[in-house]
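Undergrad: The structure is given below, and queries will be raised subsequently.
None of the figures in this text is laboratory data; all of them are computed from the coordinates on show. Note that this is a predicted model, so its numbers are computed, not measured. All Cβ positions, glycine included, derive from the backbone under ideal geometry; neighbour counts span all protein chains shown.
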């Protein structure tokens with residue numbers, strides 16, 4: 001169904017570019033056949049250029065999207081793991097001298113002591129959370145505190161600068177970039193977010209073809225028919241107004257109303 005929806009989106013995009021081209025070409029070119037051929041050529045050219053231009057960008061966006069998804073699943077899995085400190089100890093001890101404490105990891109350097117404090121809560125890190133963590137960490141005399149969390153409130157970002165100890169906050173994405181990727185050690189993903197389903201063709205039809213939209217399609221068709229008396233592109237307006245009237249008729253019958261009935265809960 002997703003493939004069908006994708007094909008429909010590509011076709012609709014191609015059709016919109018063609019009609020926009022046709023409106024302007026038809027304004028300057030009297031011959032209908034020439035107008036259609038020129039518009040088709042312009043549409044194909046724009047489509048090819050847009051594909052070439054966006055190819056590299058789309059690949060990079062996909063990579064970022066996959067990494068963001070992986071970062072979210074890493075945090076989700078660690079939050080459900082009772083032994084999440086064991087993973088953090090494994091990660092930090094791969095390069096540093098460390099101690100696993102009751103609720104954090106102490107990283108020991110010759111001239112510094114860094115506390116890695118995980119806050120595996122799905123609530124945004126607040127100022128109160130930071131105060132509690134700093135007070136807990138002070139007993140270990142750290143020179144720096146690194147807090148791992150789900151996300152951070154905007155005011156908390158500036159609030160952490162008020163302490164005499166350096167406090168750095170990493171949300172789930174920063175944790176992925178600055179810890180997991182740098183150390184090349186990742187938590188086992190046992191839990192993953194379920195993706196929202198993309199709008200299927202049937203869902204799109206249910207949204208577009210219902211009785212409440214019939215009037216809108218009909219009045220849009222009337223406006224196009226009225227406009228055709230003043231603009232040269234009469235054929236375009238005839239096609240589009242006919243198409244809108246057809247949509248109005250289909251919507252009037254509300255063909256997908258049966259799909260909207262509530263199913264029995266139990």
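Undergrad: For 106, 101, what ranking results if the residue with the fewest other Cβ atoms within 10 Å of its Cβ goes first?
TA: By the 10 Å Cβ count, ascending: 101, 106.
Undergrad: Taking other Cβ within 10 Å of each residue's Cβ, how do 138, 82 sort, fewest first? Write down the numbers at each step before the final one.
TA: Values: 138 13, 82 6.
With the sparsest Cβ surroundings first, the list reads 82, 138.
Undergrad: According to a simple spin-label model (label point 7 Å from Cα along Cα-to-Cβ), what is the distance in nm between residue 67 and residue 111?
TA: Spacing of the two 7 Å Cα→Cβ label points: 3.1 nm.
Undergrad: Let me ask you something else. Using a 10 Å cut-off on Cβ atoms, rank the peptides 166-173, 46-53 from the highest mean neighbour count down.
TA: Sorting 166-173, 46-53 by mean packing, highest first, produces 166-173, 46-53.
Undergrad: Further, regarding this structure: Take each of the peptides 71-81, 31-41, average the number of other beta-carbon atoms within 10 Å over its residues, and list them starting from the highest.
TA: The packing order, highest mean first, is 71-81, 31-41.
Undergrad: Now for a different question. Kindly put 125, 136 in sequence by how many other C-beta atoms sit within 10 Å of each C-beta, fewest to most.
TA: Values: 125 24, 136 16.
So the ranking, lowest neighbour count to highest, is 136, 125.
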